Amino acid sequence: MKILVINGPNLNFLGIREPEIYGKNTYQDLCKMINKKGSELGFDIEIFQSNHEGEIVTKIQEAYFNKVDGIVINPAAYTHTSIAILDALKAVNIPCVEVHISDVDNREPFRSVSYVGMVAKKTIKGHGFAGYLEAIDYLLNNNNK
Ligand code: DQA
């Protein structure tokens, strides 16, 4: 089982950015937690972060050629704007779970709109970093291969 975790813009600033919303733990803490989950499960989980929309699109396209079985994606602000990321996920047809650290439905109204949510098998919001682990479990439990 190959899982790719994609994080969008400003998530590399976790621990620094708005700690009252995203918590005090850092992006490195998040990566450590995901890698630990991977070793418990006995496989590698690739983690990718970019502040650039096009790089995220390219990474999703590469996942097709790399035969990735599932994508966990927190598109961050691109959630609410990016038809390009939605189209890339549709193009590769790889099961994906959308994750948001904060509860986007209980913040500014523009955060309730999600393009990626139109293709995601499941959306997990407001569960903090644990949402990523839930997303990985969901992909494992719903893997048809
Ligand atoms: C976020 C929520 C988005 O609205 C925001 O732009 C982010 C992070 C979250 O994880 O809660 O950057 O995706």
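Every number in this text was worked out from the coordinates using simple rules, so none of it is lab data. All values reported here derive from a predicted model rather than from experimental measurement. Neighbour counts are summed over all protein chains in view; Cβ atoms, including those assigned to glycine, are modelled from backbone coordinates with ideal geometry.
Reported count of residues in the stretch 91-145, each being of a type in the set (Ser, Thr, Tyr), crowded, with 17+ Cβ neighbours inside 10 Å and farther than 16 Å from ILE71 by Cα, is 2.
Evaluation of ILE45 against the conditions (1) crowded, with 21+ Cβ neighbours inside 10 Å; (2) within 16 Å of the ligand (Cβ to nearest atom) shows that the sole unmet condition is (2). Of everything in the stretch 48-78 that is touching a strand residue (DSSP E or B) at 6+ places or on another chain (Cβ under 7 Å) and polar (S, T, N, Q), the residue that is surrounded by the fewest Cβ atoms within 10 Å (Cβ to Cβ) is GLN49. The strands (runs of 3 or more DSSP E) found wholly in the stretch 29-145 and carrying at least 2 residues that are under 21 Å from ILE16 (Cβ atoms) occupy 45-49, 96-100. Evaluation of ILE16 against the conditions (1) within 22 Å of LEU139 (Cβ to Cβ); (2) among the β-branched types (Val, Ile, Thr); (3) in a loop (DSSP other than H, G, I, E, B); (4) within 15 Å of the ligand (Cβ to nearest atom) shows that the sole unmet condition is (1).
For SER102, indicate whether it is touching a residue at least 60 places away in the same chain (Cβ under 8 Å) and among the small types (Gly, Ala, Ser).
yes
If the condition is being out of contact with any strand residue (DSSP E or B) (no Cβ under 9 Å at 6 or more places or on another chain) and among the acidic types (Asp, Glu), then the stretch 104-118 contributes only GLU108. Would you say VAL68 is within 15 Å of the ligand (Cβ to nearest atom) and of a type in the set (A, V, I, L, M, F, W, C)? For VAL68, the condition - within 15 Å of the ligand (Cβ to nearest atom) and of a type in the set (A, V, I, L, M, F, W, C) - is not met.
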